[in-house]
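Read through the structure below, which is laid out as structure tokens, and then see the notes.
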Amino acid sequence: MPIAILMFVLLLPAQSWAGWLWGQAEDDALKVQVAEPYVSWRTGPATGYPVFHTSEKGEWLTILQRKTSWIKVTDTRGREGWIAVADIAQTVDATGNRVDLQVPDFEAFESRRVEAGLMMGEFDGAAVTAGYGGFWMTRNLSAELWASQILGSASEIRMVNANLVHQPFPDWRVSPFFTLGVGHIWVDPKATLAQPEERDNSIGHAGLGIRAYITDRYFIRAEVKDYKVFTTRSTNEEATEWKIGLSIFF
């Protein structure tokens, strides 16, 4: 369930989880005035779409919605198009002040406090899907909670972890990190001739990884962890896990 919720949040368009850009009703949409010599309109929310119109300094535009780094606008003649968030941030409102528009960038990534992500990879040769949420206590140290599901040929495994993450270079766009944590694992063997009992054990891990900021609120995260499973038998078990995925920060 936590993994499904994280997947839902990550895949939602930005305007869905943020609501309307300034929380206003459609009938009271925000109007902005172009303050630069001109701004370019595109037919869609990406640089790959062609420029089809420009608005000159002094023209008024009405905000319709936001999609990641693009904002849909309309003008007094009813034309609609997409303008980059960075360009809308240079417009002014009815009072003549710059529009109060937060444009997530690498500086915001450096000072993030909360992040969440969905990752996939392998755990001891079996496919793993994992979701996490983290809180940065300082620029270098964060606490995370993880939930993982591992589907092997002989068993289904569920795992939860609490981690401490140390990031020694928070001002790097591509930054390494180290992680240490403890948790619990539940192993549910698939049905055989003799139905085995479900096993659960405490676990600990150490690992390292790397984060790479992409754009807006998104970054790539990849990591490798070595696990030790503490069993009641004479020897403990070990497993290696690698994962890569997409994360979002707030």
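Observations on the model:
- Listed peptides 130-143, 230-243 by packing density, highest first (mean Cβ within 10 Å): 130-143, 230-243
- Its Cα gyration tensor gives segment 124-250 an equivalent ellipsoid, and the semi-axes of that ellipsoid, as √(5λ) in whole Å with the largest first, are 31, 15, 11.
- Among 162-168, 179-185, sorting by the average number of other beta carbon atoms lying within 10 angstrom of each residue, highest first, gives 179-185, 162-168.
- Net length available on complete extension from Thr215 to Trp60 is 53.0 nm, with 0.36 nm assigned per residue and the Cα-Cα distance removed.
- Model label zone, Gln33; criterion: amide N under 14 Å from point 7 Å along Cα-to-beta-carbon; scope segment 67-94: 91-94
Coordinate-derived values only; no laboratory data. Please read these numbers as outputs of a predicted model, since none were measured by experiment. Glycine gets a Cβ as well: all are built from the backbone with ideal geometry, and neighbour counts include every protein chain shown.
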